[in-house]
Every structure is written in structure tokens, then in C-alpha cells.
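Trainee: Structure incoming, see below.
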Amino acid sequence: MESLDINSLISDLALILVLGAIATVVFKMLKQPVVLGYIVAGFLASPHFTLLPSVAGEANIEFWAQIGIIVLLFSLGLEFSFKKLIDVGGSAIVTALIIVLGMMSLGFIVGKYLGFGLVNSIFLGGMISMSSTTIILKALTDLNMRQRRFVPMTFAVLIVEDLFAVVMMVILSSIALNNSVKGEEMVGSILKLSFFLIMWFTVGIFMIPTLFKRFKRYISDEQMLIIAMGLCFAMVLFSIKSGFSAALGAFVMGSILAGTNEAERIERLIGPVKDLFGAVFFISVGMMVNPTVMTRHWSVIALLAAVVIVGMIVFGTFGMLATGQPLKLALESGFSLTQIGEFSFIIATLGTSLGVLDKSIYPIIVAVSVVTTFTTPFFIKQAVPCYNALYKILPKRWTRLLNGYSHNASESENSETVNLWKSIVGRYVLRLVVYSVIIIALIVLCRTYLIPFIIKLMGDNIWGHLISIITSLAIVGPLIVSIILPSVKRREQERLVETSGNVSYVPFVIMTIISAIISIIFVTSILHGVYTSAVSMIAALVIIALLLIIISTVPTPLRRRITNIEKRFINNINERENRRTGRENNLVSDLHLAYIKVGHDCPFVGEQLRNLDLRTRYGVNLVNIQRGNKRHAVPSGDMRIFPGDMLGVIGTEDQIQRMLPLVEAENDPIEKNPLDVKFIHFAISEKSPIIGVSLENTHLREDYGALLVAVQRGEDDYLSPTPDLTFRAGDILWIVGDPKRLAALK
């Protein structure tokens, strides 16, 4: 690899940023995604374009690409959050899984058909399996479709795809390093990844929100930016040392911070950094574009673009249908996923840096992304016409079957009994997995360092063995107790009885047996380092049996301590939601302090507090208003509420829940035909409907959404608009409004 030269590095940065600024302004004027402007700027700065100065060397390109990937993945992680993954539900996870597996298989088949090798075909499948959140967001915004019913579900699928992409990068790295696909190595890589992800999330979620709360008063915006970037690069370093990619570490740290109360503040502070280095990354992608390769492989580009479009529509629609979504929503979601973007470039960069990706594939993937980016708005608009056509030709039997399946799936998902069981089983699995990972880590440390140290210190005799085992069990014991403790709450059992009438205790018994078996395995693994298998197994059975008896009969302080630790961990996961609803911020009795952000469609916007009378109408008390960096404690009645304000509200849980949708209102539908307001002028003819009518009676504002500025009568005579002004043929109206609606006045 070429060494980095500081002078060439600075000159390269200046070149790519200047070209990036020019290209993005041009693409903004053309109403095209800014990402395409960055790619074009990268091509102009590359050695493949000889009319302008180019970057000094490949080392500089790779350096900027790596920094860009780290910051981009960190910012994507900030938008992800572990809580958000839980909230999207099983439908989004299943849909994303169908899309990713389907597109990877399709990409692999196409890669083999095109003559690519095994590893290149696998990488190709990975590159075409990820839709672009950035491009979809831009397209839906431009088409005024952000409030459509299918959009939340589509974004939920994209959230899950982001997580799958991170996992995929680890698997692809393992495949690339071994240059083959070995089942046991892939399983090992996935297990290792799962182990470290759970460890990172557990430690991060438990510690970071707590530290932020404790030192909040000392952390300014400048310090928060330094802390956030420091944590990001620290996790990147730890990820690399653990044998994973830098991108994985950045994404994980972003995801951990996304669950904290400081997430929005960090997103705001990191925004300029993300914009800068995100631009640098996409420009570095453009540098890899080789027009000679693209011209030579135009047929491959066309084939892959068609595969992406058709495959995403088919697998996206099928995934939505399989999870019980209506046919129309499924088609709209499938048609909106027809492109590839940032993660395709990241996977391509990964393959290139590992030296396993054919050099011709990178520019091909970039070209496919450009093509599918341009076609995305067209396919989004064609979803409804396609549904209408399909609805006409589908047999009525099929339509009823799909609608019935969707209705039944929805009813099943909304069943209170089903939701209660989901909550119980989900919490049980979460506790079991988290505690098991921590126990495994502690057992490895005990057997590697602690037990040999104590035996060496005490001697290789019965006392040395006994003390080492007792010490190890004392360290791991509280966590084993945590696994054995029942995960079901008393009020959940009562609700199950109320909703279903008859509760089977078989699932609870099965969960207890599973916990006991896993606990026996853990204890046996500790003992097996010193004693024989038979002795270890018998001793483990006795220890776990005693623990079960103690737990079922005696409410120990340890049990209360574990419960408090778990509660703290769950509160940290739900920190942002708890702050919003005040659920875990009890003051006295049933009163909570909640912090609610005012939405743009809140009915209180612009109103003085004295006119709102929140205490009488909603039973709550407004104690403070946070506006930007300024906090207004006990605001006066003259103060008004504006969008973006953070209201500190005290009330009961029911009162706060009733207020939340009003204060946070953002869901008013966007007008389907928004006005194209311009300042124009035109002459009115004798056939105009306003001839002889006074301005007061034309109702320009109400009927035409227009504002009259002046009336030109003659060459230099300009009349101010007054209510009694009567229009004449030949008058020139200088008016603000939508030209299409104003055409009727001519």
C-alpha cells in the first residue's frame, strides 16, 4: 500500500470538496439525488478523467473511503437503535429476511451465469440485496408520498436490512479471508459476531446512559461531539482488535448511543461531520468508476439493473404478503425498494480492500446504482396503476383469499393474549441470551486466568482446587441465579387469566426446565476444569437443585438486587420512550414528569399558554419549555408554543397518554396537488369571469388561493388593490398564486 503524503492528502481533499460542491449544486438544480452528484464529482477527480487534475494516489482514495465509511455507519447506527428494532416487529424482520435471502440467491445465480468466481458471485449477491434508505427517502419526499400508509412499513424493513447488512459484512469478510465457503467457519463467525454484539450492547446500554445522566451538567455541545466521536473510534479500534471490520464497530456504537436521551443532540452535532465525510465516501466511490469498463460491460449493467428492479418488486411484495399485509400495500412497498445504494458501495469497498473482488465489478455496481436511482421515482408512481391492473385480472377467489389472510394476520397480531405471550417469551429469551453470553465470557476468564492462578498460589491439591471452584462459582453464581429466576410477572399471569380464561402452565414449566439445563451446563463447565466429567455433572445437578429450592421459597436480597439491575437495564433501553411518556419518572403517587416534543401540526402551536388552559382541559401542569438551548422554567401565560419546543409536563400516565398524539401531531396528510406558487402577471380578456366584478367579490384568496399585488391599467398606471376596485378588460394583474389555477381568470 502506498504511504500517505500530507501535502497530497490536503490537495486531494481540496479538489474533491470543490468538485463535490459544484456537482451537487448542479444536481440539486436538476432535481436529482445529491448522491449522484458526489459520484460524478468523484469521477471528475479520478485518474480516469484527464481534463482536470486528479487525486495523487490510491492510498489517498482508500484513506478517505475508510474515514467516510466509519462516519457514515456511525450516523446510520444513530438512526437505528436496539429499541427501534424491537418496535418494528416480526413482519419487518421476516420481509427483510425474504428480500435479502432471495436477492442474494438471485445475485449468486446471475454471477455464476456471467462467469464470476464463487467469492465474486457471493459478493455480487450481497451488493444487490440492499435497498438504499437515502435514495428512497429522497424519492418519496420529492413525490410528496412520505405520509402514505406503506411508508412506515417500508422504513421498518430498511431498518432491519441495515442490521442484516452489518452481519453480512462479517460473513463476507470470513468468506473472503478463507477464499471459500465452509459451513463450520461461517457458523463460527456468526456465533462469534453474536457473542460480541450482545457483549457490546449489554455493557454499552448498561453503562453509557448512566454516565450521561450522572455527568450531564458538565457536558457542553463541544464536549458531547468529542465524546461521541471518541466512543465511535474506540469501538472501531475494539472491533478491529476482535477480528471484525471498522464499519461494524462504528455501527454498533451508533446503535448504542441511539437509545440514550442524548441521541437527538448527538445526531444534531454529528450532522455536519456526517455530511462532510459521507460526501467524501460517495466521492471516493465515484473515483472507482472506470468508463472503459462500463462501456465494455453495458450489457451486464443492463442485466443487473433489471435483476435488481424485478427481484426487489417480486421479493418485496411477496415478503409483505407473507406477513399479512394487504396486496396494495405490499405492491407499493415492493415497487419502492427497486434500487441499490450506500451499503452496496460499502460491501464493494470491503471486497476491494480485501483483494477478492474483481476490479471490473466496482464500476458495474456503481452504474447499476445510478440507473436504478433514476428509475426509482418512476416505479414508485407505477405501484398503484399496477395494483389496479392486477386487481382486475386476478380471480376473485384469490383476492378474497389474500384479503382474508391479511385480516386474520392483523387480528392475530393485535390479540391481547398473543401480545402478552409475546412479551413473556420475548423477555425470557432476552434474559437467557444476555446472561448466557456474560456467563460464557466470565467462565472463559475464570478457566484461563483465575483458576490456574489460585491453584498455582494455593498448590495443586484439594484445597487449591476447592477454593478456585468456589471463587469461580461466587463470580458466576449471581448470573446463574438470574437465569433460573422466573421471567413472568404476577400481573401478566392475572391478565392472561382475564383475557383467555384458562392459562396453561406448561410453557412456564418448559422455560424453567430449559433454564435449569443451561445452568447445569454452565456449572459443569466450571467444575470440569478441575474434576472429572461424572463428578462435575453430579455436583452441578446438586447445586442447581439447591438453587431452585432456595429461589422458590426464600425472597433473598440477591433476588431483589438482580431485579433492580434488570430494571435499570430495561429503563436504559427504553430511556427515550420513558422520558417522552414520563413512565419511569415518578414524582408522587401516580404523577409523572414527561418531556414531549411539539410537532408541526400540534393544535396548540402559536397559542398563548393562558388561552390553552391545559390544567382544566387535560389535567396536566406545564412546568417548563425547552426551546433550543434555552430553558424556560414555570413559563408565564404570555408565552406561546412553537414547533420543536420540548414541553415538561406533569400528569398521570393516562393524562399524558391522551396529550401525546395532540402535542406530537405530524401526520396530517400532505396535499396531493400542492400549489406551485409564483409571482406572475397577465392581461384579462373580455371573456374573463371577473370583468365588472369588484375585488371584494372575486374571492381570489378563497377560490384561487391567490394574492393580488397590483393592477396595471395603461402603460404606467399601477392601481393598489382596494376592495371596491372593479376589473376591466385589458387590465394586467400582478398576482401571487398557482399559474394553473389562475388561468381561469384570463
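Trainee: Could you tell me whether any residue of the stretch 193-207 is over 30 Å from residue 125 (Cα atoms) and modelled with pLDDT of 80 or more?
Mentor: Yes, the stretch 193-207 contains a residue that is over 30 Å from residue 125 (Cα atoms) and modelled with pLDDT of 80 or more.
Trainee: Considering every residue within the stretch 567-586, establish whether at least one is at pLDDT 80 or above and in a strand (DSSP E or B).
Mentor: No - not one qualifying residue is present in the stretch 567-586.
Trainee: Hey, any hits in the stretch 75-84 for a residue that's among the hydrophobic types (A, V, I, L, M, F, W, C), modelled with pLDDT of 75 or more and part of a helix (DSSP H, G or I)?
Mentor: Yes: one or more hits.
Trainee: Taking residue 736 as the residue in question, decide whether it is part of a strand (DSSP E or B) and free of Cβ contacts under 8 Å to residues at least 24 places away in the same chain.
Mentor: No.
Trainee: I've got another one for you. Tell me, yes or no, whether the stretch 687-701 has at least one residue that is among the basic types (Lys, Arg), within 14 Å of residue 746 (Cα to Cα) and free of Cβ contacts under 8 Å to residues at least 12 places away in the same chain.
Mentor: yes
Trainee: Does the stretch 337-351 include one or more residues that are in contact with a helix residue (DSSP H, G or I) (Cβ under 7 Å, 6 or more places away or on another chain), of a type outside the set (Gly, Ala, Ser) and surrounded by fewer than 17 Cβ atoms within 10 Å (Cβ to Cβ)?
Mentor: no
Trainee: Taking the condition of being within 22 Å of residue 652 (Cβ to Cβ) and loosely packed, with under 13 Cβ neighbours inside 10 Å, how many residues in the stretch 616-632 meet it?
Mentor: Number of matching residues: 2.
Trainee: I want to confirm something. Restricting to the stretch 326-345 and keeping residues that are modelled with pLDDT of 80 or more and either under 16 Å from residue 165 (Cα atoms) or among the small types (Gly, Ala, Ser) (or both), which single residue is farthest from the chain's Cα centre (by Cα)?
Mentor: Out of the qualifying residues, it is 330.
Trainee: Looking only at the stretch 665-698, which residues are modelled with pLDDT of 80 or more and in a loop (DSSP other than H, G, I, E, B)?
Mentor: If the condition is that a residue be modelled with pLDDT of 80 or more and in a loop (DSSP other than H, G, I, E, B), then 684, 685, 686, 687, 688, 689, 690, 692, 693 are the ones that fit.
Trainee: Condition (residue is among the charged types (D, E, K, R), at pLDDT below 85 and crowded, with 17+ Cβ neighbours inside 10 Å) applied to the stretch 266-281: is it met by at least one residue?
Mentor: Looking through the stretch 266-281, at least one residue is among the charged types (D, E, K, R), at pLDDT below 85 and crowded, with 17+ Cβ neighbours inside 10 Å.
So that you can scan it fast, the table gives a plain yes or no per residue for (1) on the phi > 0 side of the Ramachandran plot; (2) more than 22 Å from the chain's Cα centre (by Cα); (3) of a type in the set (A, V, I, L, M):
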residue	(1), (2), (3)
320	no, no, yes
324	yes, yes, no
348	no, no, yes
352	no, yes, no
360	no, yes, no
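Trainee: Looking only at the stretch 709-718, decide whether some residue is out of contact with any strand residue (DSSP E or B) (no Cβ under 8 Å at 6 or more places or on another chain), farther than 25 Å from residue 144 by Cα and part of a helix (DSSP H, G or I).
Mentor: The answer is no; no qualifying residue exists.
Trainee: So the check is Cβ under 6 Å with 6+ separation or different chains; which pairs have a first residue in the stretch 273-299 that's in contact (Cβ under 8 Å) with a residue 60 or more places away in the chain and within 17 Å of residue 127 (Cα to Cα) and a second one that's part of a helix (DSSP H, G or I) and hydroxyl-bearing (Ser, Thr, Tyr)?
Mentor: 282/38; 288/362
Trainee: So, one more: Do any helices (runs of 4 or more DSSP H) lying entirely in the stretch 115-182 carry at least 1 residues that are modelled with pLDDT of 80 or more, on the phi < 0 side of the Ramachandran plot and crowded, with 23+ Cβ neighbours inside 10 Å, and which ones are they?
Mentor: Helices (runs of 4 or more DSSP H) meeting the threshold: 118-127, 150-178.
The values are calculated or read from the model by the stated rules, or taken from the named source; none is laboratory data. Predicted model, so just to flag it, every value in this text is computed and none were measured. Counting neighbours? That spans all protein chains shown, and the Cβs are built from the backbone with ideal geometry, glycine included.
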